[in-house]
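To start, the structure under review is shown below, and the notes come after it.
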Amino acid sequence: MRKTFVSYLRHVSTQAKIQELTAELKKHNYHYYVLANSTISDREFDMKLKELEMLENAFPQYADPNSPTQQVGGDITKSFNTVLHSTRMLSLGNTYNKEELLDFDTRVAKLIGGNAYQYTAELKFDGFAIALRYVAGKLYQAITRGDGTQGDDVTANVKTIRSIPHQLEGNYPPELEVRGEIFMHKAAFVKLNKTRAKNGEDLYKNPRNTAAGTIKLQDSAEVAKRPLDGFLYQLAEHGKDELDHWDSLQHMKKYGLPVNGATRLCDTIDDVWDFIQHWDTKRRGLSFEIDGVVIKVNSRLQQQEMGFTSKFPRWAMSYKFETERAESRLISISYQVGRTGAVTPVANLEPMQLLGTTVKRASLHNADFIADLDIRVGDRVFVEKGGEIIPKIVEVDASNRDSDSRPTQFTLACPECETLLQRPEGDAVFRCPNIRSCPPQVKGRIEHFIGRKAMDVSSLGEGKIDVLYQSGFVKRAADLYALDADKLLGLSKTIANEDTGDERLVSFKEKTVENIISGVLASKQVPFERVLFGLGIRFVGETVAKKLAFHFKNIDALIAANFETLNAVSEIGGVIAKSVIDYFSLPENREEIDQLKIAGLQFEVVEKKLASNVLDGAKIVVSGVFTRFSRNELKKLIEDNDGKNVSSISKATDFIVVGENMGPAKKDKAEKLGVKMITEDEFAGMLGLL
Ligand code: IVH
């Protein structure tokens, strides 16, 4: 009797466990494939998937027919055309250590039945899969993996990727399909995030998510500004199915397709293991991220004999590298207040080494993140470098907690001005509502106002703003235009860096003051759209500011606009419209604008005759000799389509139009900085001139 009751209980809890795991994995899948924003490490996901698979095998009566174990995953975005794949786009099984890898080799040997076999070992690029169809040598369609059966047609966006040929070379067949991976170089990712940080925009998590998000943008000109790259690793060529994998890679190279050079033909699993170990140590030196190695049985005939399980090929396997992870202790949580009043919790950790740097702090994102992981002061925590820039806490060890440990209570009051925080409905963050006088908000707005993309007063930086604020000279942007040089001279203060605690002296010498005054004066010429961006209205970034400025032409018309007129402007949604109205409804904001008008800032659009604004302010270098256009024609096209001509390549360059004979030094520099290079034809294509 007792025994059956126990087994009854076990069944109930197994069923609950299966349901719980199924729901959790579905949620992670949705984040990964639809939102392009993963909420769990691959390794943890695989562990959970394996656990679910085991439970389902033991208790098939409780398995959900749509269980994540039955799917490759994914979903399809609405706004692109959906296209059926020629054959299902499959994923791969994973191994995590030598033992699992040897198990795979044993299974292969058994299936091949004593015959000799070889493997190709390839890097496992950390991006997203793509299928490319070429018809008569021309790139005809590019399709994302989607749910494996059908994906999104992202051809226009893929065409902006320089390394993907629009036209094949050599003796290509009339029709062919290749598959591979699209990704973003580390340098390009860091550059993109730096720009976003400067503009006060949310940061992207890692190059993979950013690449996946980029290819789903509706605007190809925007995609062209974010350099993507790709490698192809699979060929489906009609009538060429007999080619071994290694040979098919050589064919792909001959067609001009990008195939990664670090591919090796291996006679034994030991050779594969050498390859894995080599790249596990060398991967940090690559300009792009890899998360493992893929091994494939080389012979096509043997591949065909081995076939597929319901989800994976039996002839291929991925080996996943361990992500760099370190253990530490959470000493305390501090809170930082941003320009918009958003309060971000930051973990102060016992210092530890992670990928060669000492880490003392990690972002805790927001209150939900802390609650979801139940992170408490005193906990042992595991930290990873997501995207290898900002470390993040990925796991908490709750087993060693003191008995008096209590869940973290998110701070109730602003750490800077002690005002009670608010969390507006539907908002993930707590905010300090003391917009007018909370110091980091006030200083943050002034810093934003003088920023490069707004008024561009480069002679004023964070430190100087801090001194001007603390001395009472500048309490808002308009005060900058009433500064008295004589009063500033001799001003000095010691400023501490929040992160390092390092102190430095900021002093206003004659030259400094001169530069500040002339910089402020020059900013009076900055066009209206940048002034509008500089005001720092929530949700009004650079692009939205331009849209609003060009639509309403002057500030008075914008102030007079109501919700309907704002919402009627293309790409201005309800959230932006409301934010604009809220901003102008505050008398102090309108009063500041009056002051800025008196100071002589631009509050009206000066019409430039543009052919289009496709290039949207992109900084472009023209280099080499051209056939379709002369250099001057190219430069004029850039100006006429709202781009900016710049003469030398730097991190700030968006892309380079490359002709024949580009200097090798320039090319090196461009490659090192991850600046995208496009041909004049591709450029003409962007402007719709082909
Ligand atoms: S072969 C049927 N080779 O990893 C086999 N995949 O975890 C198809 N990936 O879906 C895949 N580098 O998106 C293959 N050299 C490589 C790869 C690679 C990255 C990705 C691909 C695949 C996923 C499996």
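The values are calculated or read from the model by the stated rules, or taken from the named source; none is laboratory data. Bear in mind the structure is a predicted one, so any value in this text is a computation, not a measurement. Because the Cβ atoms are built from the backbone with ideal geometry, glycine has one as well, and the counts that use them run over all protein chains shown. Areas reflect the complete protein model, heavy atoms only, side chains present, ligands, DNA and RNA absent. Shrake-Rupley method; radii C 1.70, N 1.55, O 1.52, S 1.80 Å.
Numbers below:
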quantity: Accessible-area value, Trp273, 1.4 Å probe, nucleic acids and ligands omitted, Å²; calculated: 40
quantity: Sequence of Ser310, Ser318, Ser630 from largest to smallest accessible area, 1.4 Å probe; calculated: Ser310, Ser630, Ser318
quantity: Cβ-placed point charges (K, R +1; D, E -1), dipole of the chain about Cα centre in debye, nearest 20; calculated: 820
quantity: Nearby lysines by direct alpha-carbon distance to Lys493 (threshold 24 angstrom, same-chain neighbours under 8 apart not counted); calculated: Lys443, Lys464, Lys475, Lys509, Lys511
quantity: Carbon plus sulfur fraction of accessible area for the stretch 588-663, probe 1.4 Å, in percent; calculated: 47
quantity: Simple Cβ-charge dipole of the stretch 301-442, Lys/Arg +1 and Asp/Glu -1, about Cα centre, in debye nearest 20; calculated: 260
quantity: Degrees, to the nearest 10: 2-29 long Cα axis against longest axis of the chain; calculated: 60
quantity: Partnerless cysteines, meaning none of the other Cys C-beta atoms lie under 4.7 Å away, in the chain; calculated: Cys266
quantity: Net lengthening on full extension, Phe550/Asn661 (0.36 nm per residue, minus Cα-Cα); calculated: 36.0 nm
quantity: At R0 = 45 Å, FRET efficiency that the Cβ-Cβ distance of Arg504 and Asn57 yields, to 0.05; calculated: 0.10
quantity: Length released on extending from Asn645 to Asn613, taking residue separation times 0.36 nm less the Cα-Cα span; calculated: 10.1 nm
quantity: Accessible area, probe 1.4 Å, largest first, for residues Ser328, Ser585, Ser41; calculated: Ser585, Ser41, Ser328
quantity: Separation of the Glu169 and Thr358 label points, Cα + 7 Å toward Cβ, nm; calculated: 5.1
quantity: Å² of accessible area per residue within the chain, as computed with a 1.4 Å probe and no ligands counted; calculated: 50
quantity: Spin-label pair Gln15/Asn97, simplified geometry with 7 Å Cα→Cβ offset, distance in nm; calculated: 3.6
quantity: Accessible area of Lys443 in the full protein assembly, 1.4 Å probe (Å², nearest 10); calculated: 40
quantity: Given Lys191/Lys254; Lys186/Lys392; Lys98/Lys186; Lys124/Lys282; Lys198/Lys225, the pairs whose alpha carbons are separated by over 22 Å; calculated: Lys191/Lys254; Lys98/Lys186
quantity: Two-site label geometry, Glu201 and Asp582: point separation in nm, points 7 Å out along Cα→Cβ; calculated: 2.1
